[in-house]
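Below is one structure, written out as structure tokens; the observations come after it.
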Amino acid sequence: MTDWLIPLSAPSYGHEEDDAVRRVLTSGWLSMGPEVQAFEEEFARFQSSRHAVAVANGTAGLHLALLALGIGPGDEVIQPAMNFVAAANMTAATGATPIFADILGLDEPTIDPACVEGLVTRRTKAVIVMHYGGHLCRTGELLEICRRHRVHLIEDACHAIGASLADGTRAGSGGDIGVFSFFSNKNLATGEGGMVVTACDELGARVRLLRSHGMNSLTWDRHKGHAATYDVLANGYNYRLDEIHGALGRAQLSKLAAGNQKRGSLTRRYWRLLSDLPDWRLPFARLGGDSAFHLLAVVAPDATLRTRAAEFLRGERIQSSFHYPCVPDFSAFARHRSTAVALSQEFAQRVLTLPLYSSMTEGAVDQVVSALRCAATSGKP
Ligand SMILES: *Cc1c(COP(=O)(O)O)cnc(C)c1O
């Protein structure tokens, strides 16, 4: 493993996480139980959501969200071409067809509502949106389109935990169902983990049922003497979270607001210091609106300069990444390449993501900025 001077991301762990894990080990109960239940209740309160169901990871959450909405073979699910591959993979896992929509532009790389509207057919069952980097997509417009066409809206809110929509609703609670990930590089990190939120009792119950084999009672219920046996009501999965991750999640949730605030101030520092870099673009910098500030993305003048900058940063032991390759360009989606997504492809070739995490210092931001400035201006005539 490369010894980075400045990594792309780093979890912010302290004695709270130590205490949480120790509490579970001491309790002697490791699989889903009181910690997960408390995490769900605290998360639901934080989201102002009726239901929060903890799951093994964000991908499992997306799978359950699609299944709970009854999506399957013959259905179409419109979603961004510029996204992590999980939503598209889980759409395919249900037997439905992912239909890829383009982004609004290089400065606003979230799904284009007009493009979504143009892709709706009789088969469309849902639209999945993603708040790229924690910056909100045009949720209001997209909700209106979904309502008009009577299709469901799923938020892949993995980047946007803690961000609020224009009306104050938390990201993830704007549509029918929202999904979060607690993977190690996310704003709330437990290693693996995720959450599904919904205001709908039926969807909440369905997600809960499918999370654990379709069984109508849990091991914990039987341990507590609440149930002696069980029935299997549907063909479900084991997508449960365990107590160690649940306890870690509770500790991380209590730090989330402060962490997001810090990420915001670091982001504004990046934007201010990079604003005069000729021909480089700073997505979302001029849009306003709330954000969870998950990723710091810049767009290079072209693909060659993007790759050259990443190599230069690597030489300075500064980690960077490309979020994301364009999903329909992956081999596994070759047969779903049905729509034009030129802007997503352009963005995928030119985007560079820079270090951003809540324990990052302003000095580290300044180091990344001067290295990028150096890379961007070297070799210029
Ligand atoms: C991280 C992430 C996922 C997948 O979450 P896992 O917990 O890793 O399964 C899905 N969508 C987006 C946008 C993500 O960033």
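The values are calculated or read from the model by the stated rules, or taken from the named source; none is laboratory data. All figures in this text were calculated on a predicted structure; none of them were measured in a lab. No Cβ is skipped: glycine too gets one built from the backbone with ideal geometry, and neighbour counts run over all protein chains shown. Side chains included, ligands, DNA and RNA excluded: accessible areas come from the protein's heavy atoms. Shrake-Rupley method; radii C 1.70, N 1.55, O 1.52, S 1.80 Å.
Is there a residue in the stretch 105-120 that is open to solvent by less than 20 Å² (accessible area, probe 1.4 Å), part of a helix (DSSP H, G or I), within 16 Å of the ligand (Cβ to nearest atom) and not aromatic (Phe, Trp, Tyr)?
Taking every residue of the stretch 105-120 in turn, none turns out to be open to solvent by less than 20 Å² (accessible area, probe 1.4 Å), part of a helix (DSSP H, G or I), within 16 Å of the ligand (Cβ to nearest atom) and not aromatic (Phe, Trp, Tyr).
Can you tell me which residues in the stretch 304-329 are surrounded by fewer than 17 Cβ atoms within 10 Å (Cβ to Cβ) and hydroxyl-bearing (Ser, Thr, Tyr)?
304, 307, 321
Please state which of the following conditions residue 44 fails to meet, knowing it meets all the rest: (1) within 16 Å of the ligand (Cβ to nearest atom); (2) open to solvent by less than 40 Å² (accessible area, probe 1.4 Å); (3) over 20 Å from residue 219 (Cβ atoms).
(1)
I'd like to check something: does the stretch 211-221 contain any residue that is among the hydrophobic types (A, V, I, L, M, F, W, C) and open to solvent by less than 40 Å² (accessible area, probe 1.4 Å)?
For the stretch 211-221, residues among the hydrophobic types (A, V, I, L, M, F, W, C) and open to solvent by less than 40 Å² (accessible area, probe 1.4 Å): present.
In the list 256, 241, which residue meets the criterion of being in contact with a strand residue (DSSP E or B) (Cβ under 6 Å, 6 or more places away or on another chain), in contact (Cβ under 8 Å) with a residue 12 or more places away in the chain and open to solvent by less than 50 Å² (accessible area, probe 1.4 Å)?
241
So, of the residues in the stretch 50-67 that are more than 15 Å from the ligand (Cβ to nearest atom) and open to solvent by 20 Å² or more (accessible area, probe 1.4 Å), which turns out to be farthest from residue 206 (Cα to Cα)? Show your work before the answer.
As a first pass, look at the stretch 50-67 and keep what is more than 15 Å from the ligand (Cβ to nearest atom): 50-52, 67.
Next cut, open to solvent by 20 Å² or more (accessible area, probe 1.4 Å) only: 50-51, 67.
Values: 50: 14, 51: 11, 67: 9 Å.
So the residue we want is 50.
Output the residue which, of all residues in the stretch 261-286 that are among the basic types (Lys, Arg) and not in a helix (DSSP H, G or I), is nearest to residue 160 (Cα to Cα).
286
Collect the residues in the stretch 338-381 that are free of Cβ contacts under 8 Å to residues at least 40 places away in the same chain and among the charged types (D, E, K, R), keeping them in residue-number order.
Once the filter is applied, which keeps residues that are free of Cβ contacts under 8 Å to residues at least 40 places away in the same chain and among the charged types (D, E, K, R), the stretch 338-381 yields only 380.
Any chance you could count how many residues in the stretch 52-78 are out of contact with any Pro (no Cβ under 6 Å at 6 or more places or on another chain) and either β-branched (Val, Ile, Thr) or part of a strand (DSSP E or B) (or both)? First the steps, then the outcome.
Here is the first cut: in the stretch 52-78, the ones out of contact with any Pro (no Cβ under 6 Å at 6 or more places or on another chain) are 52-76, 78.
Narrowing further to those that are either β-branched (Val, Ile, Thr) or part of a strand (DSSP E or B) (or both): 52-55, 59, 71, 76, 78.
Within the stretch 52-78, residues that are out of contact with any Pro (no Cβ under 6 Å at 6 or more places or on another chain) and either β-branched (Val, Ile, Thr) or part of a strand (DSSP E or B) (or both) number 8.
Examine the stretch 182-193 for a residue that is of a type in the set (Gly, Ala, Ser) and in contact with a Cys (Cβ under 8 Å, 6 or more places away or on another chain), and state whether such a residue exists.
No: zero hits.
Condition first: within 11 Å of the ligand (Cβ to nearest atom), surrounded by 23 or more Cβ atoms within 10 Å (Cβ to Cβ) and in a loop (DSSP other than H, G, I, E, B). Now tell me which residues in the stretch 79-88 satisfy that.
82, 83
Any chance you could count how many residues in the stretch 288-301 are open to solvent by less than 60 Å² (accessible area, probe 1.4 Å) and either of a type in the set (D, E, K, R) or within 16 Å of the ligand (Cβ to nearest atom) (or both)?
Qualifying residue count for the region: 7.
Looking only at the stretch 334-363, how many residues end up being in a helix (DSSP H, G or I) and either among the basic types (Lys, Arg) or open to solvent by 10 Å² or more (accessible area, probe 1.4 Å) (or both)?
Summing the residues that are in a helix (DSSP H, G or I) and either among the basic types (Lys, Arg) or open to solvent by 10 Å² or more (accessible area, probe 1.4 Å) (or both) in the stretch 334-363 gives 12.
Which number in (1) modelled with pLDDT of 95 or more; (2) buried (at least 20 other Cβ atoms within 10 Å of the Cβ); (3) away from the ligand (no atom under 15 Å from the Cβ) marks the one condition that residue 165 misses?
Answer for residue 165: the failing condition is (1).
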